[in-house]
Amino acid sequence: MYFCGMDFIKTTEQDSNFDHLEKMEVSDLLNNINSEDKTVAFAVEKALPQIEIVTKVVIEKLAQGGRLFYIGAGTSGRLGILDASECPPTFGVSHDLVIGLIAGGDTAIRKAVEFAEDSLIQGWEDLKKYHISEDDIVIGIAASGTTPYVIGALEKCNSNNIITGCITCNLGSPLSKTAQYPIEVIVGPEFVTGSSRMKAGTAQKMVLNMISTATMVKLGRVKGNKMVDMQLSNHKLVERGIQMLMKELSVSKEKARQLLEQHKSVRNAIAAYSNK
């Protein structure tokens, strides 16, 4: 059951390593923020074993026809939605494969919804709208590791035999104790005390990039190092597709454009040309 105890050190809320920020020159502010940001990648590196375990479970579930859900509140929820929304255009997968949910619903993507994250039951209610099942996996995202909306959702998932993971930036948090597969990236105090949209948000984005990208590669959505299943939704991506075909098939730009227009995707164009 969820609790918000004090038996763990909430490093994301600890006092900043810097003080009197308002007295700093702009150059000092930027340099100091940058020096803090440099530590994030090393914090993520320490969590790689945990990230690997979660990623392998995600790959297995999606390969078997399941879905990946991200669920969070505030910055964490928005980052999950960002990663989920970028999978279809980047890898050509269905919008129903990776799904991001945020406390407060779509309104909260742009504007904070007061107290939305404080409900222990709403997260599960939101998941149920998608007919969540044992085939799926749910990753809760919360920098503090204490968000009721996320913890309540994972508790219900656990009791319904749905695999759960989490991404948090505090060690031994209630969320980590709830998730079956926790990822803890300990970034330490923020530049602005408690502003977890900064280092914690950066760490969460890095981990999400790793999970979704590695998963899509292993599911065959990348050829070599190219996004051959990307959606050709603008001129830039069409031109990128043409360049891919020119290099892969050793054809002229005109031929590559013709193939892309005919087959509507880089992968299909390569397959058709190679099998002619």
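Residue-wise HN-Hα couplings along segment 39-49, as the Karplus relation 6.51 cos²θ - 1.76 cosθ + 1.60 with θ = phi - 60° gives them from phi, are 7, 5, 4, 5, 5, 5, 4, 5, 8, 4, x Hz; Gly and Pro carry x. Couplings 3J(HN,Hα) of segment 148-162, computed from phi: x, 3, 7, 5, x, 5, 5, 4, 5, 4, 4, 6, 10, 6, 9 Hz, in residue order, whole Hz [Karplus 6.51 cos²θ - 1.76 cosθ + 1.60, θ = phi - 60°; x for Gly and Pro]. Rounded, prolate or oblate, given the Cα gyration tensor of segment 112-196, with a/c below 1.5 counting as rounded? Oblate, because a/c is 1.5 or more while a/b does not exceed b/c. Relative to the dominant Cα principal axis of the chain, helix 74-91 is inclined by about 10°. Amide H to amide H, with H built 1.01 Å from N, F69 comes under 5 Å of I99, I137, V138, I139, counting only residues 5 or more places away or on other chains.
Near C166, the amide H atoms lying under 5 Å from its own belong to G140, Y181, I183; only residues 5 or more places off or on other chains count, and H is placed 1.01 Å from N. Taking other C-beta atoms within 10 angstrom as a stand-in for reagent exposure, S265, S252 fall in the order S252, S265, fewest first.
Shown in residue order for segment 22-31 are the 3J(HN,Hα) couplings computed by the Karplus curve 6.51 cos²θ - 1.76 cosθ + 1.60 at θ = phi - 60°: 5, 8, 6, 5, 4, 4, 5, 4, 5, 5 Hz (x for Gly and Pro). By DSSP, the beta bridges lying fully in the chain are antiparallel in about 5 percent of cases. The share of Cα pairs per 5 Å bin across the chain, counted from zero up to the longest distance, runs 1, 6, 12, 15, 15, 13, 11, 9, 7, 5, 3, 1, 0, 0 percent.
Amide H neighbours of T193 under 5 Å, at least 5 residues apart or on other chains, H built in the peptide plane: list them. Excluding prolines and chain starts, which carry no amide H, the hits are S16. Each of the peptides 158-170, 127-139, 182-194 was scored by the mean count of other Cβ atoms within 10 Å over its residues; in descending order, highest first, they stand as 158-170, 182-194, 127-139. Rounded to the nearest 0.05, what FRET efficiency is calculated for N275 and K128 with R0 set to 45 Å and r the Cβ-Cβ distance? With a Förster radius of 45 Å, E is 0.50. Segment 59-92 and segment 29-47 have Cα centres lying 25 Å from one another.
Note on I121/N234: beta-carbon distance plugged into 1/(1 + (r/R0)^6) with R0 of 41 Å gives a FRET efficiency of 0.50.
Quick note: the coordinates plus some simple rules give every number you see, no bench work behind them. Predicted model, so just to flag it, every value in this text is computed and none were measured. FYI the Cβ positions are ideal-geometry reconstructions off the backbone, even for glycines, and counts take in every protein chain you see.
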